[in-house]
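The values are calculated or read from the model by the stated rules, or taken from the named source; none is laboratory data. Remember, it's a predicted structure, so these values are computed and weren't measured experimentally. No Cβ is skipped: glycine too gets one built from the backbone with ideal geometry, and neighbour counts run over all protein chains shown. Accessible surface areas use protein heavy atoms only, side chains included; no ligands, DNA or RNA. Shrake-Rupley method; radii C 1.70, N 1.55, O 1.52, S 1.80 Å.
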Amino acid sequence: MEGTSLYLPIVILLMQCSPSVPVTVATNRHKVEVREFSDAVLSCTFHTEKEQNPRIEWKKKGKDVSFVYYDGHFRAPFEGRATIEGATVTLKRVTQDDAGEYRCEISAPQDSVSLGETNVTLKVLVPPHTPSCEIPSAAVTGSVVQLRCRDQQSIPPATYSWFKDNQLISQPRHANATYLINSHTGVLEFRAVAKDDTGRYSCQASNGVGPAKMCEGKHMTIEDVNVSAVVAAVVVVCLVIACGCGGFLLHRNGFFSRHRGRSFWISQCHGAAHISSQTLHRTEDTSNVNYIPPPQEPQDFKHTQSFML
């Protein structure tokens, strides 16, 4: 009994001197991934030193920090579609708008450390939607042709597969293949299409979240080059060019002049002179527009022969 009484004060002293644990906050899942329109559980657990009624808050980070749960109530847009148990929050039927980073904060004013927090990231997964497909209806043999497929709504991003006549087109296994498939961008490229590539093409998008989706198939026809039509088109173009150049040269050499070959007589004071219209035209072109003929003496004027055509 005497030995026990000696150790008891030491145990009491150690208990009084042992450091107290301040408020601590934790979560069992820092990253939560759920499918769209399902429930998401954002866990948060805490331990306080002395505080018996700590304050619990949830916030969502974005361009601005907004309250999710504050002063014992959920805030819009979570009001009416979220519940809390302890400090763990459950969001009902989440959408892409709910994705982001959340923070659980516990305030314990009576503790030596009065605030603790933990973060939880929510990722909302979206199954594939029907992809949009760009498939040409016709192409010429030997040309480069691209078929495109895209689903911009699936999360994570979808991967793509191409089908011809409902048969999967496998990835090319050698470098000199006539086509290439990019499963991430959804592009099927033919380096030089042949008539054997004629068929009905469709594309399928998948991302492992939900069922794969396929666009409606479209028929693509590969045709040979019409050599006779090309030759005829070239001949017509050459004729048009030749006619245009010939007409320009003829016009430039005066074949389309308005007074070509005409002549007439002009009365003069002492007789008549024969002048061609071309000579007159050239004289008019080179004469001074401001030229004024010299006045004639009244006594020298007399009526002579009129113009004779």
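Just a few scattered comments:
- The heavy atoms of Ile241 offer some 100 square angstrom of accessible surface to a 1.4 angstrom probe.
- Gain on full stretching of the segment that runs from Ala194 to Glu117 - 0.36 nm per residue minus C-alpha separation: 21.3 nm
- Heavy atoms of Thr95: accessible area, 1.4 Å probe, square angstrom to 10: 40 Å²
- Solvent exposure of the stretch 86-242 as accessible area per residue, Å², 1.4 Å probe: 55 Å²
- Taking a point 7 Å out from the Cα of Glu223 in the direction of its Cβ, the residues of the stretch 184-211 whose backbone N falls within less than 15 Å of it are 195, 198-199.
- Here the label points at His129 and His184, each 7 Å from Cα along the C-beta direction, are separated by 2.3 nm in the simple model.
- Estimated at 0.36 nm per residue, the fully extended path between Thr24 and Ala175 surpasses their Cα-Cα distance by 48.5 nm.
- At an R0 of 25 angstrom, the distance between the Cβ atoms of Arg55 and Lys31 translates into a FRET efficiency of 0.45.
- Residues Val89, Val225 ordered from highest to lowest accessible area at a 1.4 Å probe: Val225, Val89.
- Rounded percent of accessible protein surface that carbon and sulfur make up, the stretch 92-213, 1.4 Å probe: 48 percent
- Between Gln153 and Ser38, the contour length at 0.36 nm per residue exceeds the Cα-Cα span by 39.7 nm.
- Spatial separation of Cα centroids for the stretch 86-134 and the stretch 47-83, in angstrom: 11 Å
- Seen from every direction in turn and averaged, the convex hull around the alpha carbons of the stretch 143-213 projects onto 5.2 nm².
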